[in-house]
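**Q** Take a look at the following structure, please.
The values are calculated or read from the model by the stated rules, or taken from the named source; none is laboratory data. What you are looking at is a predicted structure, and each value in this text was computed from that prediction instead of being measured. Positions of Cβ are generated from backbone atoms using ideal geometry, with glycine treated the same way; all protein chains shown enter the neighbour counts.
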Amino acid sequence: MEFLIRKTLFAYRAFLHFLFNKKNIAIMKPGVKCSVSQFDYELNKGDIVHPCIRYAEKKFKGYNWWLIYTPYYNANADLENPILCYGTSETDEAPLTWTVYSEISGKPVTGYNSDPTMFFDEDKLNVFWRENATPRTQRDSLHRATYGCVISETDRCDIENPVLCEKSDFEDKEVSPAIVKLNGAFNAYAMHMRFSNPKLHSSNTFINKTTKLLLRVFSILEIYSEQKSYGIAIWKSNSLNEPFAYYKTTKIKNSNKLYKPWHLDIFEYENRLFAVIQTTQCNADICLAVSDDSENFVMYSKPLITNASINKLGIYKPTAIIHKGVFYLYYTAQDKDNRSLNLMYLTSMSFSELQKKLY
C-alpha cells in the first residue's frame, strides 16, 4: 500500500510540474562530498546544514576560505549551534577539506540557534546567527532575532544587542539571513516566511487535530499550505553597531508557482547580487536568482540541482561563491538509506558556461 501511495504521489507531482511548467532538468553535476573535521561527533555524527562559505582576499588567521554551519542530526534543534571552520586546498580552487576552528555559540539554556552567516569587512570576520526563543530573545521581548560577533586576528567582540528583530510568533522576516556591505552601508537579506495561519487553529483539541490533518493533506497535494513565503526581506543599517531597520519585502520574480522559497544565501559579483535559493522546505530544488538594483531578484527557471539529479534527498540551504570565474556551489543532502544525516557536497562550473545554460 505504501509503495502504491508513493507511486501515485510521484505521478501526481509529475502532472503538477507539467501543468505549471516547472523545469526539472538540473544544470550542474552532482557534487563531491566534503571532509570536515569532527566536533562533538558523538552527538552530531558529523552532520552539516546551513553552510555559509566566504573567501578572504587577504588571508585571515592564515587562511582564505572560511565556513560556518550548524549540525542538525536526526532533526535535533538542540544541536544547531554554529561551528566555524577554515578550508585548505592544494590549489586556488574552493576546498573540499575543512578544519574546525571553534564553536561560535553553544546550546542556549532554552530555545535553539540556527541559520548562521558571515562576511569579511576591514580584515575582520563578522559572524551572525539566528536565535529562537532563547534567554536573549526573551530578554529583548522578541520571538526570534539575529545576534552576532566580530572576530579579529587577536580577539573576539560579541554584539550583545540583536541586529535583526522579529516580534511575531507566526511570521519571521529574518529567516536564513545574509549580510553584505554596499556603498559603505549594510544590507541584510532574508526570507520572509509565515509559518502558520492563526485563523486556522482552534482551542478545541479535536477540531485542531482534524484541521492539522487536512492541512497536511492539502499541503502534500499542493492545494493549500498555511506556510507562506512572501519573498526576500531587506533590512538596512549604516553600522553593525546599530540594529538593522526593516526596509521592505520584495517578491521573487519568475519563481515557479510550485516554489515556496525557504532559505537563501547572497553573494556579490561584478556589481550584481546573486541569491542561491532553496525553493521549498521539503523536496527542494536549488535555483539561482539575480538582482541588478540590490532589491528586486529574478529567478532563473532552470534549477542548478534537484534531488533527482544528485540522487539524494533532503536538499537544504546552499551557499555559493564565484572565484576566478568559477561558480562554486556547496549544498547539503541526505542519502536515501539514512535520512538522519546531512552531509555537505561541492559542485562547480565555469560561470560563463553556467550563464549560457541558464537561458
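**Q** Can you run down the residue pairs with Cβ atoms below 7 Å, 6 or more apart or on separate chains, where the first is in the stretch 56-77 and on the phi > 0 side of the Ramachandran plot and the partner is at pLDDT 95 or above and not aromatic (Phe, Trp, Tyr)?
**A** From the stretch 56-77, the pairs are LYS61/GLU153; ASN74/SER340.
**Q** Assess whether ALA133 counts as being out of contact with any helix residue (DSSP H, G or I) (no Cβ under 9 Å at 6 or more places or on another chain) and hydrophobic (A, V, I, L, M, F, W, C).
**A** Yes; evaluated as a whole, the condition is true for this residue.
**Q** At negative phi and not in a loop (DSSP other than H, G, I, E, B): does that describe VAL100?
**A** yes
**Q** Condition first: hydroxyl-bearing (Ser, Thr, Tyr) and either modelled with pLDDT of 95 or more or in contact with a His (Cβ under 8 Å, 6 or more places away or on another chain) (or both). Now tell me which residues in the stretch 167-210 satisfy that.
**A** Within the stretch 167-210, SER168, SER176, TYR189 qualify.
Residues are listed down the side, and each one gets a yes or a no for (1) in contact with a helix residue (DSSP H, G or I) (Cβ under 6 Å, 6 or more places away or on another chain); (2) surrounded by 13 or more Cβ atoms within 10 Å (Cβ to Cβ); (3) within 24 Å of TYR345 (Cα to Cα):
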position: LEU9; (1), (2), (3): no, no, no
position: LEU16; (1), (2), (3): no, yes, no
position: VAL32; (1), (2), (3): no, no, yes
position: GLN38; (1), (2), (3): no, no, yes
position: PRO51; (1), (2), (3): no, yes, yes
position: ASN64; (1), (2), (3): no, yes, yes
position: THR91; (1), (2), (3): no, no, yes
position: GLU103; (1), (2), (3): no, yes, yes
position: VAL109; (1), (2), (3): yes, no, no
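**Q** Now a separate question. One residue is enough: does the stretch 303-320 have a residue meeting the conditions farther than 21 Å from SER35 by Cβ, loosely packed, with under 14 Cβ neighbours inside 10 Å and polar (S, T, N, Q)?
**A** No; the residues of the stretch 303-320 include none that is farther than 21 Å from SER35 by Cβ, loosely packed, with under 14 Cβ neighbours inside 10 Å and polar (S, T, N, Q).
**Q** Kindly establish whether SER352 is surrounded by fewer than 19 Cβ atoms within 10 Å (Cβ to Cβ) and within 19 Å of the chain's Cα centre (by Cα).
**A** The answer is no for SER352.
**Q** Additional query: Does any residue of the stretch 165-180 turn out to be more than 28 Å from LEU273 (Cβ to Cβ), loosely packed, with under 13 Cβ neighbours inside 10 Å and over 16 Å from the mean Cα position of the chain (by Cα)?
**A** Within the stretch 165-180 (the criterion being more than 28 Å from LEU273 (Cβ to Cβ), loosely packed, with under 13 Cβ neighbours inside 10 Å and over 16 Å from the mean Cα position of the chain (by Cα)), the answer is yes, since at least one residue qualifies.
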